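What follows draws every value from the coordinates through simple rules; no lab data is involved. Worth saying up front: this structure is predicted, and the values here are computed from it rather than measured. Positions of Cβ are generated from backbone atoms using ideal geometry, with glycine treated the same way; all protein chains shown enter the neighbour counts.
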2 protein chains.
Amino acid sequence: MTKVNTPQDSAIEYVCGVSVTLELIGGKWKGVILWHLCHKTLRFSQLKRRLPRVTQKMLTQQLRELEKDGLINRKVYPEVPPKVEYSLTELGRTLQPMLDGMCKWGMNYYENDSEQEISD
Amino acid sequence: MTKVNTPQDSAIEYVCGVSVTLELIGGKWKGVILWHLCHKTLRFSQLKRRLPRVTQKMLTQQLRELEKDGLINRKVYPEVPPKVEYSLTELGRTLQPMLDGMCKWGMNYYENDSEQEISD
DNA sequence: CTGTATCCCATTAGATACTG
DNA sequence: CAGTATCTAATGGGATACAG
């Protein structure tokens with residue numbers, strides 16, 4: 001958390017790193033996208049196949065934002081039919097430890113939660 | 001990522017731990033709330049003061065969800081005026097390494113981003 | 001294959017007023 | 001103090017059609 005002066009109201013504002021990070025990777029599909037790209041560079045269609053529930057619109061949108069924020073690279077091959085590959089940038093790679101941690105923590109939560117569920 | 005059989009369509013589905021985690025802590029204010037509670041048990045009003053932009057409604061809502069998911073405790077003191085304290089559960093505490101990582105990463109991103117900004 | 005554009009409904013979140 | 005209730009504006013996201 002660091003102090004910041006907002007020009008609008010000249011009030012002292014604090015920026016929390018956690019919020020900054022979550023704004024970048026907390027989008028509906030961004031976490032999974034990054035997680036997949038952690039392991040392998042993927043084409044649009046490959047990514048789509050790995051995320052069965054995402055619509056084309058949403059996938060495109062999330063990818064554009066991740067690109068804008070400098071976390072992923074978008075490489076277009078000038079071919080017909082088009083081929084576009086997405087990969088992590090160097091900055092994106094620095095997220096890997098956190099993504100791994102989130103993956104483990106989440107799976108653990110998910111499994112314990114399932115055990116405790118009452119079957120009806 | 002683990003295989004899961006969804007009863008609805010009997011199709012094979014994969015659950016990504018990253019998504020599970022982000023669904024729990026990715027809410028608009030959840031990250032910061034958890035981060036504050038990492039350091040100190042806080043009353044509703046104290047939390048609110050630390051999050052100047054959050055509305056009362058949103059704060060209440062996010063706290064309820066965090067409670068439901070087992071990440072925070074809500075302790076009501078039977079006093080007048082009311083006093084309610086929020087703290088991390090044992091499970092919530094296990095998030096701390098991740099939150100610390102996110103805090104550091106986010107601050108680093110924020111600072112480098114500010115440097116690169118073009119003043120106009 | 002990898003998108004963009006449009007329409008539209010559902011959900012979200014702010015503002016405001018009220019309460020034990 | 002710590003909420004709940006209600007109304008409303010804004011946003012989000014699905015479905016669909018079309019395009020380079």
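Observations on the structure shown:
- Loop trypsin sites (Lys or Arg not before Pro), region B:46-99, which have at most 16 other Cβ atoms in a 10 Å radius of their Cβ (DSSP): B:Arg53
- On the beta carbon distance between A:Glu79 and B:Asn112, with R0 = 22 Å, the FRET formula returns roughly 0.05.
- Cα Rg over Rh - region A:17-120, Kirkwood: 1.04
- The same position B:Glu67 in the other copies lies at 4.4 nm from this copy, comparing label points 7 Å beyond Cα toward the beta-carbon, shortest first.
- Beta carbon of chain B nearest to the axis of the rotation taking B to A, residue and angstrom distance: B:Gly26, 2
- Subset of A:Lys48/A:Lys104; A:Lys57/B:Lys28; B:Lys28/B:Lys75; A:Lys48/A:Lys75; A:Lys57/B:Lys30 violating a 18 Å alpha-carbon distance limit: A:Lys48/A:Lys104; A:Lys57/B:Lys28; B:Lys28/B:Lys75; A:Lys57/B:Lys30
- Teacher prompt: A:Lys48 distances to equivalent labels in other copies, 7 Å Cα→Cβ, nm: 4.8
- This ranking places A:Ser19, B:Ser87 by how few other beta-carbon atoms lie within 10 Å of each, fewest first, which gives B:Ser87, A:Ser19.
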